Structures are given as C-alpha cells and as structure tokens.
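Trainee: Below are the structure tokens for one structure; questions will follow.
The values are calculated or read from the model by the stated rules, or taken from the named source; none is laboratory data. A quick note: this is a predicted structure, and the numbers were derived from the prediction, not measured. Reconstructed Cβ throughout: ideal geometry from the backbone, glycine too, with neighbour counts over all protein chains shown. Keep in mind that these areas ignore ligands, DNA and RNA; they rest on the heavy atoms of the full protein, side chains included. Shrake-Rupley method; radii C 1.70, N 1.55, O 1.52, S 1.80 Å.
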Amino acid sequence: MPTFGATQLKLLETLCNVIAISGDESEVRKIVLEQIAPYADEVKVDALGSVLATKKGRGRKRTRVMLDAHMDEVGFILVDEEGDGIYRFETVGGIDERHLVGKQVCVGRERTPAVIGAKPIHLMGDDEYTRKVPLDALRIDLGPSGRAKVGDRAGFATRFRRVGPSILAKSIDDRIGVATLIELLKESPPNVDLCVAFSVQEEIGLRGAKVAAQYFNPDLAIAIDSTPANDLPLHDGSENIAYNTRLGLGPAIYIADGSTLHDPRLVRFLRETAESQHIPYQIRQPGGGGTDSGAIQRSRAGMPTVSVSVQHRYTHSPVSISRVDDWKNTLRLLHAALSRITPQLIAVR
C-alpha cells in the first residue's frame, strides 16, 4: 500500500502552487521529471510535451496498463497590449467569467503580479447590475512597470492551504491526479507493466492523452482526474439529487460522461476491489464533462478505459476544495486495483 502523509501533501502543494496553463506545462513537467527519475525504467518527453514513463513488472503474462493524469490547468493568454501595462486576454479552457473580476493573477514565466480589472460598481448603469460582465470588458492590469508580452499565459495567484480535513487550492484539477500518478509509479506492483502519461492540453481537447495512448498501446487504461462536486444545499431547501459527486464519500468511479461510456468490466472490477478492501467509493453521476479517457478509448484500434476522480467543489475557479481522505482513498483503490489486474480481466466481454 502506498505511503500517505506529510510528504505526499507537500508534493501536492508544490504542484498546485506552480502555474501550467494548457500549452505551457513546463513548470509541472520539471517537477514530474525530478520526482519520477529514480523510479521509472524509461522516461521521455514527447513532441507535445507530455511526460511518458514506463515501469516494467516481473514475471510472464504481465498486463500493460496505462495511467493518465493531465498536467495543464485552465487560465488566460494575453492577446493585445493597450498601454500602461493593460492587456486584453482570452481564456484557455472552460472558465466562468463571473469568477474573474478583481482576481489576482500571475503573468508569464516571471510570475509578474497583476489583477483582472473591470468598471467599478459606482460607475455602472442600471442595466449593468443585472448582467454578467462580458470577457471583452475585462483586462489584465500589470501596472506601468509590469513586464509581459502578447502570448504570455496567466494563471490564478491562489496559494495552497490545508484547513483541517480539506485542501484549498487552484488547479486541484488535475494536480491531484499528477501527484497520484507519481506515488503509484513509486509503488508499482510487479504484475503489471505500468505506462504512465503526465499529459498536456486536456483542458482544450484531450490532446496529449491521445498521442500518449498511441505511443504506449496498452491493454487497458485508467484516467485519473478531479471531477466537480455539485453537492451544496439548494437555495429553495429541496433535496439536491443532481450532485454529480459529494465530498467525503471516497473516490468517484465513472460509468458514463460527456466523452466516454466506460468499460463495464473495468467499472465492475474497481467496485469489487473497493468493496473487498473496505475502501469507500461512489459512482459519478452520468452527465457533462469528461476526462482523457475519451481520447484514449478511441486511440489505435480502441482501448478499454475507465476514469477515477478525486472530487472537488468550485471547479475551474480561483480556488477549489477537496477532502484529504478522498485523495487518500483514491490512492488506496488504484494501488489495490493495479495489484489485482490479470490478463483475464479484459480477455472476454
């Protein structure tokens, strides 16, 4: 069973505090390469920038298992300079503009501090009070001395915090998956050849994972991500029956989402593993959103895939909230499942 404690939480903190907007994942890639170098048998960085690592098992008839987690996060890209350190920008990945006014961001490789600005409430017309501020009315303001250039990425400036049983951070989606893959690679069981993809550009179209799956050509694949928990009480006091997932109930196993119908054999296998090991779990409600599983499943001649996520509230916003125990139990489930995989798992439908 993998170790879980202060070291793992510190790794997650380090990963969450760097900025790696889709298409510029270098800061996370550097950490990943440093972490996995002593444990992987083979490591390469592909043409898109994904880190692809292999840890070979022992014995005959080993199953080739791909694990995937994406390194990138949502954010912004500067598209036009308007003088005095003010830049027009576009979003990278799915972001709700309602989160943005007044938020602190860091710009470029030098992490230049800036703020997302809009018209002050004192100067708004009556019609502006009742509608969302459009993206084209927002600007990133670095001040006259701020250094940046068109094409630079920007990300939320939020810092990682541990508060009791909870984790508060930006980019839990999907640095918690990246940290999970690092720990699983360190403790890879001998019955599988582990093919680990720290992929790029998930937030803009599952791009890195498709290339990684082509390279690895595994027997099966598991995408590890972080899924929204829509589990807040409803404003009218009625029961929330469309919660997607809930914090505190353990890892979320997917059966269907916006990009994939997950392989029933793998879903059943994960559920049986959790129950036999007394690991709490939940089924992610079918619906929108998706993981890299959608791209992996369609690679080459097709691959059996499933997704497992650590759930969080307030996805793609300046700060999300997850529970430490949900991450710990996700790591337990995945390690237990890897240890039980045999070729017979996917031999027949």
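Trainee: Please return the longest stretch of the chain lacking exposed loop sites, where GluC sites (Glu not before Pro) count only if DSSP places them in a loop and at most 12 other Cβ atoms lie within 10 Å. Intermediate values should be presented prior to the final figure.
Mentor: Working: sites that count: E82, E110, E239.
With a cap of 12 other Cβ atoms within 10 Å, the longest stretch comes to 111-238.
Trainee: Per residue and in cubic angstrom, what volume does the convex hull of the Cα atoms of the range 11-125 have? Can you show the working numbers first?
Mentor: Details: hull volume 17.2 nm³, N = 115.
Taking the convex hull of the Cα positions in the range 11-125, it is 150 Å³ per residue.
Trainee: Further, regarding this structure: Once you keep just the Cα pairs under 8 angstrom separated by 6 or more residues, what percentage relative contact order results for the range 1-134? Write out the running numbers ahead of the final one.
Mentor: Details: 120 pairs, mean separation 20.6, N = 134.
Relative contact order of the range 1-134: 15 percent.
Trainee: Would you list, by chain and number, the aspartates and glutamates whose Cα falls below 13 Å from the Cα of K186, excluding same-chain residues fewer than 8 positions away?
Mentor: E34, D41
Trainee: Which one is right for this structure if log10 I(q)/I(0) by the Debye sum over Cα atoms at q = 0.09, 0.15 Å⁻¹ is calculated from it: (i) -0.62, -1.23; (ii) -0.50, -1.48; (iii) -0.49, -1.25?
Mentor: (iii)
Trainee: Taking only protein heavy atoms and a 1.4 Å probe, what accessible area per residue, in Å², does the chain have with all protein chains in place?
Mentor: 44 Å²
Trainee: Shifting gears a bit: For the range 286-349, just list the percent of Cα-Cα distances falling in each 5 Å bin from zero outward, please.
Mentor: Per 5 Å bin, starting at zero, the Cα-Cα P(r) for the range 286-349 comes out as 3, 12, 15, 19, 22, 14, 8, 4, 1 percent.
Trainee: Indicate, rounded to the nearest 5 percent, the antiparallel portion of the DSSP beta bridges found entirely in the range 222-320. Write out the running numbers ahead of the final one.
Mentor: On the way: 3 of 13 bridges.
Antiparallel: roughly 25 percent of the beta bridges in the range 222-320.
Trainee: For the chain, with a Gaussian network of springs between Cα atoms less than 10 Å apart, report the residue from S276, S22, S238 with the top mean-square fluctuation.
Mentor: Looking only at S276, S22, S238, the largest GNM fluctuation is found for S238.
Trainee: Still on this structure, please answer the following. Go through the range 284-290 residue by residue and turn each phi into a ³J(HN,Hα) via Karplus (6.51, -1.76, 1.60, θ = phi - 60°); whole Hz please, and just put x for glycine and proline.
Mentor: 5, 4, x, x, x, x, x
Trainee: Another question, if that's okay. Among H312, H235, H262, which one shows the highest mean-square fluctuation when the chain is modelled as a Gaussian network with alpha-carbon springs under 10 Å?
Mentor: It is H235.
Trainee: Another question, then. Okay, helix-only estimate at 222 nm for the chain: each DSSP H run of n ≥ 4 adds -39500 (n - 2.57), divide by all residues, round to 500 deg cm²/dmol; what do you get? Don't skip to the answer; put the middle values down first.
Mentor: On the way: 7 runs with 83 residues, N = 349.
The helix-only estimate for the chain comes to -7500 deg cm²/dmol at 222 nm.
Trainee: Another question, if that's okay. What percentage of the solvent-accessible surface of the chain, computed with a 1.4 Å probe over protein heavy atoms, is contributed by carbon and sulfur atoms?
Mentor: The C+S portion of the solvent-accessible surface of the chain is 50 percent.
Trainee: Per 10 Å bin, what is the whole-percent P(r) computed from every C-alpha pair distance within the range 204-349?
Mentor: 11, 39, 36, 12, 2, 0
Trainee: Then there is this: Please list, by residue number, every one of the trypsin sites (Lys or Arg not before Pro) in the range 11-60 that is coil in DSSP and has at most 13 other beta-carbon atoms within 10 Å.
Mentor: Values: sites: R29, K30, K44, K55, K56, R58, R60; in loops: K56, R58, R60.
Answer by residue number: R58, R60.
Trainee: So what are the three principal axis dimensions of the range 138-199 from its Cα atoms, in whole Å, longest to shortest?
Mentor: 58, 34, 19
Trainee: So how many Å³ per residue does the convex hull of the Cα atoms of the range 195-255 work out to?
Mentor: On the way: hull volume 7.5 nm³, N = 61.
In the range 195-255, the Cα hull volume divided by residue count equals 124 Å³.
Trainee: Which one, D193, D174, D152, has the greatest fluctuation when you compute a Gaussian network model over the chain with C-alpha springs under 10 angstrom?
Mentor: It is D152.
Trainee: Quick check on the range 112-246: what are the equivalent-ellipsoid semi-axes from the Cα gyration tensor, as sqrt(5λ), descending, whole Å?
Mentor: Ellipsoid half-lengths, sorted descending, are 37, 24, 16 Å.
Trainee: Then there is this: Report, in debye and to the nearest 20, how large the dipole of the chain comes out about its Cα centre when Lys and Arg carry +1 and Asp and Glu carry -1 on their Cβ. Intermediate results must be reported in sequence, preceding the final value.
Mentor: Details: 44 positive and 44 negative charges, 300 e Å.
Computed charge dipole of the chain: roughly 1440 debye.
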